[in-house]
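Trainee: To start, I am sharing the structure in question, which I have written as structure tokens.
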Number of protein chains: 2
Amino acid sequence: MQFEILKKDDKSRARLGRCRTAHGVFHTPAFIPVGTQATVKTMTPEELRDMGAEIILSNTYHLYLRPGHERIRRLGGLHRFMHWEHPLLTDSGGFQIFSLKALAKVSEEGVEFHSHLDGSRHFITPEKAIAIQEALGADIIMCLDECTPYPASHEEAERSLQRTLSWSRRCREVHRSFDPALFGIVQGGMYSDLRQKAVEVLTEIGFDGYALGGLSVGEDKETMVRVIGETAPLLPENLPRYVMGVGMPGDMLEAVREGVDMFDCVLPTRNARNGMLFTRSGRMTIKNAKYAEDPSPVEPGCPCYTCRNYSRAYLRHLHFAEEILSFRLNTIHNLHFYLAFMQEMRAAIAEDRLDEFRQDFNSRWKPTVEPERNPNLTSLPTGKRISLSARI
Amino acid sequence: MQFEILKKDDKSRARLGRCRTAHGVFHTPAFIPVGTQATVKTMTPEELRDMGAEIILSNTYHLYLRPGHERIRRLGGLHRFMHWEHPLLTDSGGFQIFSLKALAKVSEEGVEFHSHLDGSRHFITPEKAIAIQEALGADIIMCLDECTPYPASHEEAERSLQRTLSWSRRCREVHRSFDPALFGIVQGGMYSDLRQKAVEVLTEIGFDGYALGGLSVGEDKETMVRVIGETAPLLPENLPRYVMGVGMPGDMLEAVREGVDMFDCVLPTRNARNGMLFTRSGRMTIKNAKYAEDPSPVEPGCPCYTCRNYSRAYLRHLHFAEEILSFRLNTIHNLHFYLAFMQEMRAAIAEDRLDEFRQDFNSRWKPTVEPERNPNLTSLPTGKRISLSARI
């Protein structure tokens, strides 16, 4: 993988970049749609490309359990399996495993857990997490890290960080090649000193890129922006910085200003399936009675397939009818929104007007009035609420 | 609506035809995908057109209840609402109402029933069924008929037929225009004399086309083909004949040979969502373990998007993952299969080789080995099995 900074913003730490992988190029700042089970829900690869997606993410945890990484390898690898012959990133599975805390047992050696599918027992070590991802064949793979819960005391966060650091060392040991690229993940909770320590050790080990993990786990926005703002500048200038599991458009904008290059989040796709649609003035809930006979598109002027052809009234009808086309049309709109947003951000950086872009965005965006459900909390079928990354 | 016979087969009663409607042309014999709630499940109109669909069906019952026919009319009509500016047929709602027998009360005046959505009470008369369909604005609309249950005694079937005939007269009374076209529905159970009587009365009233209703309701194949074979030739030669709720490719082929022009059925779309895929040699169940690592497409040589790009292994994975893309890709394949089948049938009629086409089809098609679940039986959420048209 080769990362190149094409331009630096003069009023912030934002950068415009281009990343070459074995399966093609993607531009940064980049939004990475999440394709959990070897599919970005509802979307074909052609549709994703048409709307500007250049890189997608798939989850190792899920694919390891079903259909299995060796099976995918025998079938020619994940790109071929899912018909996405473009840049592809896999995560290590760590976050999902840790999120299902009740079912996981951690030791220095690795993580023992039980499959959510059939209860079978599994043991993942850093070495195995790398082997699985190599079998899948992504272009960028991630270290196995321990996801520090939130909140955590300084002592807990430090202990957790030590585990991540020793596991990262082991991942690097078994994966010395440049292709796929291996990213280290900076943990340390919300503690500046721990985050700094993490950066020091990871950069000393030496990775092809660096992610910030353990964010968007329940902390407030200000804390998240602080941690990003303190940590990103410490990372090597000429390697990509990736904030995992983030986020709302405004969050990504702030992070980009702090020098972040890559983001992944289920928000646009999950919100879509729940009838929540992104517009320049904030999110709208399509089921709202006021749209029952609204002939206009979700966002007048939006060039996406959904807005060009369908009314809010129809989308609302499909929503209540629980039709699959509802999920599709909403996903098309939301992903288009996210990808167009990033593309406009890149253009703004290229043309030295990121500040204007930001002011314009902030002047129009209204946060949702209803109480914001923490996107990282979700319920197990038992109804028990656990902390689960927005990445699942 | 204008129907024109372009060619007649010399060895059977099959005809090649073309039907002009206010929203364009469709060719017969035609397969009509079912779009129950103003959407053919999972598919966009563009995709349907690309695979050769020229006319689709939408269900009045569902749209009357939600979002309401007057709402759709105010929004510009059903074509515009669902972004299908092509030939469109609506049924009268009769079948769905009658299928929910436990909830419906029939009198000469009309049918009182309770909404399956919210239990609210409604009363549909023949006049209202016409008014609803006119509000929706389809190109072809159907009379309100009483769906004779199966089995039924001769006396029951006759009584039921009388109701259909008097309702059909009332439908014609309130809808004298040619546009939309109004089709009468031939009932009479499996009784030749009643079917003949039905044709006599309906043709005397005079409709723009004639459907055969009350088939594929549990009777065996031989009975169904017999009734079609006895009834179709009695209908006016130069008007379209439409068998509702049918069926398997072989069924349609036999019916075409008896002079039928139009068919609708949920089979390809519903089977798709259940992981059952049509091939020239019969249906296959994608979840079968033998496909777990099968790199080949569902049908080698099939030019549909699914077969061009995805393996059986991937489709099987998506099926177990319960991914929306599974429903999409399977639907694309099955609808392509059905529409290509009809298109090949039309070409065979045009080229005087329908007989060869039929022999070739029959030599390759193997009926499903597992016990054939009657496609017309389905379960209410209560688990109570009721007779429900494959058209729902």
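A short reminder: the numbers here are calculations on the coordinates, not readings from a lab. Quick caveat, the model's predicted, so the values are computed rather than measured. Glycine gets a Cβ as well: all are built from the backbone with ideal geometry, and neighbour counts include every protein chain shown.
Trainee: With springs only between Cα atoms under 10 Å, which of B:365, B:167, B:84 fluctuates most in a Gaussian network model of chain B?
Mentor: The residue with the greatest mean-square fluctuation here is B:365.
Trainee: OK, next. Filter chain B for me: DSSP H helices, axial length by Cα at least 27 angstrom, mean Kyte-Doolittle hydropathy not below -1.0. List them by residue number.
Mentor: Counting only whole DSSP H runs, the qualifying helices are B:324-350.
Trainee: How much net charge surrounds residue B:18 when only the other residues with a Cβ under 13 Å from the Cβ of residue B:18 are counted, with Lys and Arg +1 and Asp and Glu -1? Don't jump to the answer; show the numbers that get you there.
Mentor: Details: positive: B:7, B:15, B:20, B:346; negative: B:4, B:54, B:261.
Net of charged neighbours comes to +1.
Trainee: In a Gaussian network model over chain B where Cα atoms closer than 10 Å are linked, find which of B:228, B:72, B:205 has the largest mean-square fluctuation.
Mentor: So, out of B:228, B:72, B:205, the one fluctuating most is B:205.
Trainee: Given a Förster distance of 51 Å, report the FRET efficiency between residue A:115 and residue A:344 from their Cβ-Cβ distance, rounded to the nearest 0.05.
Mentor: For residue A:115 and residue A:344, the calculated efficiency is 0.75.
Trainee: List the distances, in nm and shortest first, from the label point of residue B:109 to the matching label points in every other copy, placing each point 7 Å from Cα along the Cα-to-Cβ direction.
Mentor: 7.8
Trainee: GNM, chain B, Cα, under 10 Å: largest mean-square fluctuation among B:294, B:118, B:360?
Mentor: B:118
Trainee: Can you tell me which of B:42-49, B:243-250, B:267-274 comes out highest on packing, and rank the rest after it, using the mean Cβ neighbours within 10 Å?
Mentor: B:243-250, B:267-274, B:42-49
Trainee: Please report the antiparallel percentage of the DSSP beta bridges confined to the protein assembly as shown, to the nearest 5.
Mentor: Antiparallel bridges: around 55 percent, rounded to the nearest 5.
Trainee: Could I ask something else about it? Tell me the mean residue ellipticity at 222 nm calculated for the protein assembly as shown from its helices only (DSSP H runs of n ≥ 4, each -39500 (n - 2.57), averaged over every residue, nearest 500). Before the final figure, lay out the partial values.
Mentor: Details: 30 runs with 308 residues, N = 784.
That calculation yields -11500 deg cm²/dmol at 222 nm.
Trainee: To the nearest Å, what is the center-to-center distance of segment B:59-103 and segment A:131-160, using C-alpha atoms only?
Mentor: 52 Å
Trainee: Let me ask something else. Below 8 Å between Cα atoms, with a sequence gap of 6+, how large is the relative contact order for segment A:284-353 in percent? Please report the intermediate quantities before stating the final value.
Mentor: Working: 58 pairs, mean separation 18.9, N = 70.
Computed value for segment A:284-353: 27 percent relative contact order.
Trainee: For peptide A:304-314, what's the mean number of Cβ atoms from other chains within 10 Å of each residue's Cβ? Before the final figure, lay out each step's value.
Mentor: Details: counts 0, 2, 1, 0, 1, 5, 4, 5, 0, 7, 9.
Mean number of neighbouring Cβ atoms from other chains: 3.
Trainee: Among the aspartates and glutamates, which have Cα under 14 Å from the Cα of residue B:366 when same-chain residues fewer than 8 positions away are ignored?
Mentor: B:251
Trainee: Please compute one quarter of the surface area of the Cα convex hull for chain A and express it in square nanometres.
Mentor: Computing the convex hull of the Cα atoms and averaging its projections yields 18.2 nm².
Trainee: A follow-up question, please. On the Cα set of segment B:131-195, report Rg and Dmax in Å, please.
Mentor: Reported Rg and Dmax, both Å: 13.2, 37.
Trainee: Amide H of residue B:93: which non-local residues (sequence gap of 5 or more, or other chain) have their own amide H closer than 5 Å, using H built in the peptide plane?
Mentor: B:60, B:61
Trainee: What is the average number of partner chain Cβ atoms found within 10 Å of a Cβ in B:36-43?
Mentor: Average neighbour count from other chains, rounded to a whole number: 5.
Trainee: How large is log10 of I(q)/I(0) for segment B:239-336 at q = 0.18, 0.23, 0.24 Å⁻¹ when the intensity is taken from the Debye formula with one equal scatterer per alpha-carbon?
Mentor: So the normalised log intensities work out to -0.79, -1.11, -1.18.
Trainee: Still on this model: Given the convex hull of the Cα atoms of segment A:319-372, what is a quarter of its surface area in nm²?
Mentor: 5.1 nm²
Trainee: Towards the positive end of the charge dipole of chain A, with charges on Cβ (+1 Lys, Arg; -1 Asp, Glu), say which of A:180, A:28, A:274 has the farthest Cα.
Mentor: A:274
Trainee: A follow-up question, please. Quick one: P(r) of segment B:115-156 from all Cα-Cα pairs, 5 Å bins, percents rounded to integers, in order of increasing distance.
Mentor: Going from the shortest bin to the longest, the percentages are 5, 16, 17, 16, 21, 15, 7, 2.
Trainee: Please list the non-local residues whose amide H lies under 5 Å from the amide H of residue B:185, H modeled 1.01 Å from N, same-chain partners needing a gap of 5 or more.
Mentor: B:143, B:211
Trainee: Please give the charge dipole size of segment A:209-324, origin at the Cα centre, charges +1 on K and R Cβ atoms and -1 on D and E Cβ atoms. Round to the nearest 20 debye.
Mentor: Charge dipole of segment A:209-324: 480 debye, to the nearest 20.
Trainee: Now for a separate question. Which GluC sites (Glu not before Pro) from segment B:198-249 combine a DSSP loop assignment with at most 14 other Cβ atoms within 10 Å?
Mentor: Those satisfying the criteria are B:237.
Trainee: OK, next. Using modelled amide H (1.01 Å from N, peptide plane; none on Pro or chain starts), what sits under 5 Å from the amide H of residue B:7, excluding residues fewer than 5 places away?
Mentor: B:16
Trainee: Positive end of the charge dipole of the protein assembly as shown (Lys, Arg +1 and Asp, Glu -1 on Cβ, about the Cα centre): tell me which of B:12, B:245, A:301 has its Cα farthest that way.
Mentor: In the protein assembly as shown, that residue is B:245.
Trainee: Follow-up question, since we're still on this one. Could you grab the Rg to Rh ratio for segment A:51-157? Cα atoms only, Kirkwood for Rh.
Mentor: Reported Rg/Rh, Kirkwood definition of Rh: 1.01.
Trainee: In straight Cα distance, which aspartates and glutamates are under 18 Å from residue A:287, not counting same-chain residues fewer than 8 positions off?
Mentor: Partners within reach: A:299, A:322, A:323, A:370, A:372, B:118.
Trainee: Report the closest approach of any chain A C-beta to the axis of the A-to-B rotation: residue and distance, in whole angstrom.
Mentor: Nearest to the symmetry axis by Cβ: A:324, 3.
Trainee: With a cut-off of 8 Å between alpha carbons and a minimum separation of six or more residues, what is the relative contact order of chain A in percent?
Mentor: 17 percent.
Trainee: Please work out the Kirkwood hydrodynamic radius for segment B:1-49, using every pair of different C-alpha atoms, and report it in angstroms with one decimal place.
Mentor: Every distinct Cα pair counted, the radius reaches 12.8 Å.
Trainee: Any idea what the alpha-carbon Rg over 2.2 N^0.38 Å comes to for segment A:161-230?
Mentor: 1.14
Trainee: Which of the trypsin sites (Lys or Arg not before Pro) found in segment A:85-176 are in a DSSP loop and have at most 14 neighbouring Cβ atoms, other than their own, within 10 Å?
Mentor: Here the sparse-neighbourhood loop sites are A:176.
Trainee: Across segment B:135-256, how large is the tail of the calculated P(r) beyond 22 Å, expressed as a percent of all Cα pairs?
Mentor: Counting pairs separated by more than 22 Å, the tail of P(r) holds 30 percent.
Trainee: For a quick size check, give me the Cα extents of the protein assembly as shown along its three principal axes, largest first, whole Å.
Mentor: Extents along the principal axes: 91, 54, 46 Å.
Trainee: Additional query: Net charge near residue A:70: determine it from the other residues with C-beta under 15 Å of the C-beta of residue A:70, scoring Lys and Arg +1 and Asp and Glu -1.
Mentor: Numbers: positive: A:66, A:71, A:73, A:74, A:80, A:128; negative: A:134, B:293.
Here the charged neighbours net out to +4.
Trainee: Provide a whole-number value for the mean count of partner chain Cβ atoms within 10 Å of the Cβ atoms in peptide A:315-326. Numbers along the way, then the final one.
Mentor: Details: counts 0, 1, 12, 5, 0, 4, 10, 1, 8, 9, 12, 2.
If you average over the peptide's residues, the count of other-chain Cβ atoms is 5.
Trainee: Where does the charge balance sit around residue B:198 when Lys and Arg score +1, Asp and Glu -1, over other residues with C-beta under 15 Å from its C-beta?
Mentor: After counting each charged neighbour, the total is -1.
Trainee: Rank these for me by crowding, A:106, A:298, A:186, A:40, going from fewest to most other beta carbons within 10 Å.
Mentor: Ascending number of Cβ neighbours within 10 Å: A:106, A:298, A:40, A:186.
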